[in-house]
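The values are calculated or read from the model by the stated rules, or taken from the named source; none is laboratory data. Here the structure is a predicted model, which means the values were calculated and not measured. Note: ideal-geometry Cβ built from the backbone for every residue, glycine included; neighbour counts use all protein chains shown.
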Amino acid sequence: MSLTLGQRPLYELKAGLFKGLSHPLRIRILELLSMRDERTVADLQTETGLEASHLSQHLAVLRRNRLVESDRRGSHVHYRLAYPEVADLLTTARSLLLRIVETDGARAADAASLPPFGPKE
(Lines give C-alpha, C1' and ligand atoms only; values in the text may rest on other atoms or scores of the structure.)
Protein backbone atom coordinates (compact mmCIF):
# COMPACT_ATOMS: atom_id res chain seq x y z
CA MET A 1 0.00 0.00 0.00
CA SER A 2 1.45 3.37 -0.97
CA LEU A 3 1.11 6.62 0.92
CA THR A 4 -1.41 9.19 -0.19
CA LEU A 5 -0.38 12.76 -0.88
CA GLY A 6 -1.82 13.81 2.48
CA GLN A 7 -0.17 10.99 4.44
CA ARG A 8 3.39 11.58 3.26
CA PRO A 9 3.97 14.80 5.26
CA LEU A 10 2.75 13.03 8.40
CA TYR A 11 5.24 10.22 7.92
CA GLU A 12 7.97 12.79 7.27
CA LEU A 13 7.14 14.46 10.61
CA LYS A 14 7.22 11.07 12.30
CA ALA A 15 10.61 10.33 10.73
CA GLY A 16 11.79 13.71 12.06
CA LEU A 17 10.92 12.62 15.58
CA PHE A 18 13.23 9.65 15.19
CA LYS A 19 15.91 11.81 13.60
CA GLY A 20 15.82 13.96 16.70
CA LEU A 21 16.38 10.83 18.77
CA SER A 22 19.09 9.40 16.52
CA HIS A 23 22.10 10.73 18.44
CA PRO A 24 23.15 9.69 21.96
CA LEU A 25 23.79 13.27 23.08
CA ARG A 26 20.38 14.45 21.86
CA ILE A 27 18.78 11.64 23.84
CA ARG A 28 20.70 12.76 26.94
CA ILE A 29 19.66 16.39 26.38
CA LEU A 30 16.03 15.28 26.19
CA GLU A 31 16.46 13.19 29.35
CA LEU A 32 17.87 16.21 31.16
CA LEU A 33 14.95 18.33 29.98
CA SER A 34 12.50 15.67 31.14
CA MET A 35 13.78 16.09 34.70
CA ARG A 36 12.87 19.79 35.02
CA ASP A 37 10.35 22.16 33.54
CA GLU A 38 13.20 23.89 31.72
CA ARG A 39 16.97 24.35 31.62
CA THR A 40 19.22 27.09 30.37
CA VAL A 41 21.77 26.48 27.64
CA ALA A 42 24.51 27.05 30.24
CA ASP A 43 22.97 24.35 32.45
CA LEU A 44 22.76 21.92 29.54
CA GLN A 45 26.35 22.69 28.61
CA THR A 46 27.51 21.93 32.15
CA GLU A 47 25.47 18.72 32.33
CA THR A 48 26.59 17.38 28.94
CA GLY A 49 30.15 18.70 28.79
CA LEU A 50 29.56 19.77 25.19
CA GLU A 51 31.18 22.79 23.63
CA ALA A 52 28.67 25.57 23.00
CA SER A 53 28.76 25.13 19.22
CA HIS A 54 28.10 21.38 19.42
CA LEU A 55 25.30 21.83 21.93
CA SER A 56 23.76 24.50 19.72
CA GLN A 57 23.78 22.14 16.72
CA HIS A 58 22.05 19.38 18.70
CA LEU A 59 19.47 21.79 20.11
CA ALA A 60 18.77 23.07 16.58
CA VAL A 61 18.00 19.50 15.41
CA LEU A 62 15.69 19.01 18.39
CA ARG A 63 13.92 22.32 17.70
CA ARG A 64 13.62 21.64 13.98
CA ASN A 65 12.01 18.29 14.71
CA ARG A 66 9.63 19.84 17.26
CA LEU A 67 10.91 17.92 20.27
CA VAL A 68 11.93 21.03 22.26
CA GLU A 69 10.91 24.65 22.54
CA SER A 70 13.00 27.61 23.64
CA ASP A 71 12.69 31.24 24.62
CA ARG A 72 15.16 33.96 25.48
CA ARG A 73 14.95 35.78 28.80
CA GLY A 74 17.59 38.44 29.12
CA SER A 75 20.92 36.88 28.27
CA HIS A 76 19.76 33.30 28.84
CA VAL A 77 17.99 30.88 26.50
CA HIS A 78 15.69 28.42 28.24
CA TYR A 79 14.77 25.04 26.76
CA ARG A 80 11.93 22.69 27.61
CA LEU A 81 10.31 19.62 26.11
CA ALA A 82 7.73 20.61 23.51
CA TYR A 83 5.33 17.89 24.65
CA PRO A 84 5.12 15.72 27.80
CA GLU A 85 4.87 12.66 25.55
CA VAL A 86 8.58 13.11 24.73
CA ALA A 87 9.37 12.13 28.33
CA ASP A 88 7.02 9.14 28.00
CA LEU A 89 8.83 8.09 24.82
CA LEU A 90 12.21 8.33 26.60
CA THR A 91 10.92 6.22 29.48
CA THR A 92 9.65 3.57 27.07
CA ALA A 93 12.95 3.60 25.15
CA ARG A 94 14.95 3.18 28.38
CA SER A 95 12.72 0.30 29.44
CA LEU A 96 13.14 -1.38 26.04
CA LEU A 97 16.91 -0.87 26.18
CA LEU A 98 17.11 -2.53 29.59
CA ARG A 99 15.05 -5.48 28.33
CA ILE A 100 17.30 -5.86 25.28
CA VAL A 101 20.55 -5.86 27.26
CA GLU A 102 19.41 -7.83 30.31
CA THR A 103 20.76 -11.09 28.87
CA ASP A 104 24.13 -9.55 27.98
CA GLY A 105 26.15 -9.39 31.18
CA ALA A 106 28.58 -6.69 30.09
CA ARG A 107 25.90 -4.50 28.56
CA ALA A 108 23.61 -5.00 31.56
CA ALA A 109 26.36 -3.66 33.83
CA ASP A 110 26.81 -0.68 31.50
CA ALA A 111 23.05 -0.06 31.50
CA ALA A 112 23.05 0.00 35.29
CA SER A 113 25.47 2.94 35.13
CA LEU A 114 23.26 5.10 32.89
CA PRO A 115 22.62 8.54 34.38
CA PRO A 116 19.16 8.86 35.91
CA PHE A 117 16.23 10.71 34.46
CA GLY A 118 12.62 10.74 35.36
CA PRO A 119 9.80 12.93 36.59
CA LYS A 120 10.32 16.66 36.73
CA GLU A 121 11.79 18.04 39.92
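Per-structure values
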quantity	calculated
Filter result for Ala93 (touching a residue at least 40 places away in the same chain (Cβ under 8 Å) and surrounded by fewer than 16 Cβ atoms within 10 Å (Cβ to Cβ))	yes
Identity of the residue in the stretch 28-47, among the polar types (S, T, N, Q) and surrounded by 16 or more Cβ atoms within 10 Å (Cβ to Cβ), that ends up farthest from Ser95 (Cα to Cα)	Gln45
Condition check for Ala15: free of Cβ contacts under 8 Å to residues at least 24 places away in the same chain and aliphatic (A, V, I, L, M)	yes
Condition broken by Ser56, with the remaining ones in (1) at pLDDT 95 or above; (2) loosely packed, with under 12 Cβ neighbours inside 10 Å satisfied	(2)
In the stretch 52-103, the residues that are outside any helix (DSSP H, G or I), of a type in the set (Ser, Thr, Tyr) and more than 16 Å from Arg36 (Cα to Cα)	Ser75, Thr103
